[in-house]
Amino acid sequence: MKIEGSHTLKGKPEKVWNTLTNPDVLAKCIPGCEKLEKTGEDTYSATLNMGIGSVKGTYTGQVKLTDKQPYSSYKMLVEGKGKPGFVKGEGVLNLQEQDGNTLVTYQGDAQVGGTIASVGQRMVQGTAKMIIGQFFTALDMLMEQQSGASTGASPGAPPPKSFFFKVALRYFWNQIKQALGVKN
């Protein structure tokens, strides 16, 4: 299954790079992430609770970053398995400065097997796209919150309790605008 897309994040590539390589930040933004811990140089263990349709479960796995070009790109290798099946993939993230912000483009291939694959590639791909959208929406909001831009909070303060509700609301609002062809 091919996965590709792009998203613009507020901030210079250095800031975005530091955010995208910080496991504590990523754990807060990846939907269903229960744990993301550094286990070695550019290697992490992860536990995710996810589902597609009626097939739900917990996955444990490894994430490894390779071919790092600081502030520009890296390759990510992912392997995970759980009761619903397995996921294996690799992808590349590229960062490019654009008008004081950073355009993040990503491309990759993923394989799924087991019960999770029985829901069909179209549903798996649709769910992957939704999860990626939720991730970037959460990342946008967390970066805003950490810079103090949207809440006046001090940088590094924990997200407010309503943070994830706001993430979901913003994500679905953006999906509606995109479906209607409304530009930001």
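What follows is calculated from the coordinates using simple rules that are stated; it is not laboratory data. Small disclaimer: the values here were computed from a predicted structure and weren't measured. Positions of Cβ are backbone-derived with ideal geometry, glycine not excepted, and every protein chain shown enters the neighbour counts.
Observations on the model:
- The stretch 103-129, subset free of Cβ contacts under 8 Å to residues at least 24 places away in the same chain and part of a helix (DSSP H, G or I), residue surrounded by the most Cβ atoms within 10 Å (Cβ to Cβ): Gly126
- Identification of strands (runs of 3 or more DSSP E) wholly contained in the stretch 1-61 with 2 or more residues that are of a type in the set (A, V, I, L, M, F, W, C) and under 27 Å from Pro84 (Cβ atoms) yields 33-40, 43-52.
- Enumeration of residues in the stretch 62-80 that are part of a strand (DSSP E or B) and surrounded by 15 or more Cβ atoms within 10 Å (Cβ to Cβ): Val63, Lys64, Leu65, Ser73, Tyr74, Lys75, Met76, Leu77, Val78, Glu79, Gly80
- Number of residues in the stretch 85-102 that are buried (at least 17 other Cβ atoms within 10 Å of the Cβ) and within 17 Å of the chain's Cα centre (by Cα) equals 6.
- Test: Gly89 is of a type outside the set (Ser, Thr, Tyr), closer than 18 Å to Gln125 by Cβ and out of contact with any Leu (no Cβ under 7 Å at 6 or more places or on another chain): yes
- Qualifying positions in the stretch 103-121 - more than 18 Å from the chain's Cα centre (by Cα) and small (Gly, Ala, Ser): Gly113, Gly114, Ala117, Ser118, Gly120
- The stretch 17-35: number of residues that are of a type in the set (A, V, I, L, M, F, W, C) and more than 16 Å from Ile132 (Cα to Cα): 1
- Meets criteria (out of contact with any Asp or Glu (no Cβ under 7 Å at 6 or more places or on another chain) and loosely packed, with under 14 Cβ neighbours inside 10 Å) for Glu34: yes
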